[in-house]
Every structure is written in C-alpha cells, then in structure tokens.
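The values are calculated or read from the model by the stated rules, or taken from the named source; none is laboratory data. Only a predicted model underlies this, so the values are computations on that prediction, with no experimental measurement involved. Quick reminder, even Gly has a Cβ in these numbers, built from the backbone with ideal geometry, and neighbours come from all protein chains shown.
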Amino acid sequence: MRRFFYNAPQHIKRKMVAAHLAEDLMLKYKRRSIQVIRGDTVKIMRGSYKGRVGKVRKVDIKRQKIEIEGVTITKVDGKSVPYPVHASNVMITKLNLTDPWRRRKLEEKLSEEEKKAVEKEAEEQIKEMEEEAMKAEAAEEEEEKEIEEEAAEESEEIETEEEKIEETETKEKEEPAEQPEEAKEVEEVEEKTKEKE
C-alpha cells in the first residue's frame, strides 16, 4: 500500500489531496470530502498551527501537501518560508467555486434550486476575484508611476549638478588665474630695479 501511495501516477495522487468539508458545507453539498484546490479557505485541525484559518496558495501534488497564507516558518538565516501542511490535516470552510469543472462535480447530487444557489455564489466569487485583480493592477501602476517619478527626479538632480560643474569650469577658463603673492612681490622688485637703472 505504501509503495503504491508513493509510486502512484499524478492523476491518482491528485485525488488523494483531499480534505473533509465543514459541517455546513457537508449538509449543503451532500458529500463528506473534496479535493483541495488553490483559493479554498481551510482550517488547520492538527499540528503546531492548529486553529489557523487561511486561503490555500499552492497545492503540491507530488508531496500531497498544501501551502496556506499566513502559515510560515522562520529559517536559521531569518527568512520566512511557507510551511507545507498535509491535506488530511485541514478542513475546508469555504470552497472556491470559480472552476466550472468543480461546480459540475458538486452539482451532481443537488436539486435545481441548490444548483442555482451554487451558480450565484460562483458569480459573486468571480466578481470578487476580478475586483481584486483590478486593485492589484492599480497598485502596480501606482508603484510604476512612483518609480518613474523617482527616476525623473534623480535625472534632474544629475543634470543640475552637471550644469553647475560646467558653469564653474567656464568661469575658471574666463577669469585669469590670480598670481600668487610671492610672484607679485618678485615682479614689483624687478620693476623697481628697472626704474633705478
């Protein structure tokens, strides 16, 4: 059994990455468990992070583990990395219904009214995802604008510094170099000697 578990092909391993549904979802969809996908909200039921709730950000089919937002571990060098949790140690509290294949699978045992409710919930989730994507794009655009403004300010500062350097160089070229005091004294002495002669 263990050899089959580790050597199973990907399409069978994918089915093993499943978790129990919360009681309200179990009654609503008339099933006990379902495969975990990215975007599901889960609650950790076992381990050191027991009780934590978060969205699934990644599903590792090969190791049959999932990464949850906010569940991290600090390495020796100080970096925080995601802490993988086995799918059997979580419970799904909210389903991601944006996937049409998953909706069809859930609607198999449901009545027409329940199917309509599922479709309505899926539409709301899709709208939320679109709004989040729009917000993320707006934030990225603002960051790009800030970077461009900073680059423009830096280039202006460099240009002003170059202009100042050029002005000082031109002034030095135009103005005759002041003779040192010793040279002036020597010239005065020579002029006096010439006058005496």
Please specify each residue of segment 40-57 satisfying the condition of being touching a helix residue (DSSP H, G or I) at 6+ places or on another chain (Cβ under 8 Å) and buried (at least 17 other Cβ atoms within 10 Å of the Cβ).
ILE44
GLU107 being surrounded by fewer than 15 Cβ atoms within 10 Å (Cβ to Cβ), free of Cβ contacts under 8 Å to residues at least 24 places away in the same chain and not assigned by TED's automatic domain parsing to the domain that holds ASN7:
no
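Would it be correct to say that GLU113 is more than 32 Å from the chain's Cα centre (by Cα) and surrounded by 10 or more Cβ atoms within 10 Å (Cβ to Cβ)? Full working, then the answer.
On the way: more than 32 Å from the chain's Cα centre (by Cα): yes; surrounded by 10 or more Cβ atoms within 10 Å (Cβ to Cβ): no.
Judged against the criteria, GLU113 is not a match.
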Starting from segment 78-101, take each residue that is aromatic (Phe, Trp, Tyr) and list its partners that are assigned to a strand (DSSP E or B) and surrounded by 15 or more Cβ atoms within 10 Å (Cβ to Cβ), counting only C-beta distances under 9 angstrom and pairs at least six apart or across chains.
TYR83/GLU67; TYR83/ILE68
Hey, ARG32 surrounded by fewer than 16 Cβ atoms within 10 Å (Cβ to Cβ) and touching a helix residue (DSSP H, G or I) at 6+ places or on another chain (Cβ under 9 Å) or not:
yes
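Taking the stated definitions as given, is LYS164 modelled with pLDDT under 85, loosely packed, with under 10 Cβ neighbours inside 10 Å and part of a helix (DSSP H, G or I)? Write out each step before concluding.
Working: modelled with pLDDT under 85: yes; loosely packed, with under 10 Cβ neighbours inside 10 Å: no; part of a helix (DSSP H, G or I): yes.
Considered against the rule, which asks whether it is modelled with pLDDT under 85, loosely packed, with under 10 Cβ neighbours inside 10 Å and part of a helix (DSSP H, G or I), LYS164 comes out as no.
Looking at segment 1-69, what strands (runs of 3 or more DSSP E) fall wholly within it and have at least 1 residues that are farther than 17 Å from LEU106 by Cβ?
Details: elements: 18-21, 33-35, 41-44, 53-60, 65-68.
In segment 1-69, 41-44, 53-60, 65-68 are the strands (runs of 3 or more DSSP E) which contain 1 or more residues that are farther than 17 Å from LEU106 by Cβ.
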State whether the residues of segment 92-113 include one that is of a type outside the set (Ser, Thr, Tyr) and modelled with pLDDT of 95 or more.
yes
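Have a look at VAL81, VAL76 and point out the one that is assigned by TED's automatic domain parsing to the domain that holds HIS20 and out of contact with any strand residue (DSSP E or B) (no Cβ under 7 Å at 6 or more places or on another chain). Working first, answer last.
Working: VAL81 fails: out of contact with any strand residue (DSSP E or B) (no Cβ under 7 Å at 6 or more places or on another chain).
Result: VAL76 is the single residue among VAL81, VAL76 that is assigned by TED's automatic domain parsing to the domain that holds HIS20 and out of contact with any strand residue (DSSP E or B) (no Cβ under 7 Å at 6 or more places or on another chain).
Please work out if LEU25 is assigned by TED's automatic domain parsing to the domain that holds MET129, surrounded by 16 or more Cβ atoms within 10 Å (Cβ to Cβ) and of a type in the set (A, V, I, L, M). Step through it out loud before you land on a result.
On the way: assigned by TED's automatic domain parsing to the domain that holds MET129: no; surrounded by 16 or more Cβ atoms within 10 Å (Cβ to Cβ): yes; of a type in the set (A, V, I, L, M): yes.
No, not satisfied.
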